[in-house]
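Student: Before we start, here is the structure in question, set down as structure tokens.
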Amino acid sequence: MLGEELADVVLYVATVAEMTGIDLATEVEPQLLQDSARTYEPNSHGALVRVFGE
């Protein structure tokens, strides 16, 4: 089901990263820090969208 499909995506991304010499751990950690500083609010459909500073 959906979990299997998501697992396929993760495995594909890991394979591409290895083939191109990208260390995902090195790339993901700073991205998580950057993303945690972002602000999101629900839109009219309930989906979270990024709110940019004014």
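Student: Output the relative contact order of the chain, whole-number percent, from Cα pairs under 8 angstrom with separation of 6+ residues. It would help to have the intermediate numbers written out before the result.
Tutor: Numbers: 20 pairs, mean separation 9.1, N = 54.
Relative contact order comes out at 17 percent.
Student: Rounded to the nearest 500 deg cm²/dmol, what is the calculated helix-only ellipticity per residue at 222 nm for the chain, with -39500 (n - 2.57) per DSSP H run of length n ≥ 4? Write out the running numbers ahead of the final one.
Tutor: On the way: 2 runs with 32 residues, N = 54.
Calculated from helices alone, the mean residue ellipticity at 222 nm is -19500 deg cm²/dmol.
Student: While we're here: Which distance in nm do the two modelled labels at ALA14 and GLU27 give, with both placed 7 Å along the Cα-to-Cβ direction?
Tutor: Output for this residue pair reads 1.5 nm.
Student: Could you tell me which of rounded, prolate or oblate describes the chain, using a ≥ b ≥ c as the square roots of the eigenvalues of the alpha-carbon gyration tensor, with rounded for a/c under 1.5 and, failing that, prolate when a/b is larger than b/c and oblate otherwise? Walk me through the numbers before you get to the answer.
Tutor: Numbers: a/c = 3.80, a/b = 1.48, b/c = 2.56.
It is oblate, given that a/c is not under 1.5 and a/b is not larger than b/c.
Student: Towards the positive end of the charge dipole of the chain, with charges on Cβ (+1 Lys, Arg; -1 Asp, Glu), say which of VAL51, ALA7, ALA25 has the farthest Cα.
Tutor: Farthest towards the positive end: VAL51.
Taken together, the values in this text are just the output of simple stated rules run on the coordinates, not laboratory data. None of the values given here were measured: they were computed from a predicted structure. Here Cβ is always computed from backbone atoms with ideal geometry, including for glycine, and neighbour counts include all displayed protein chains.
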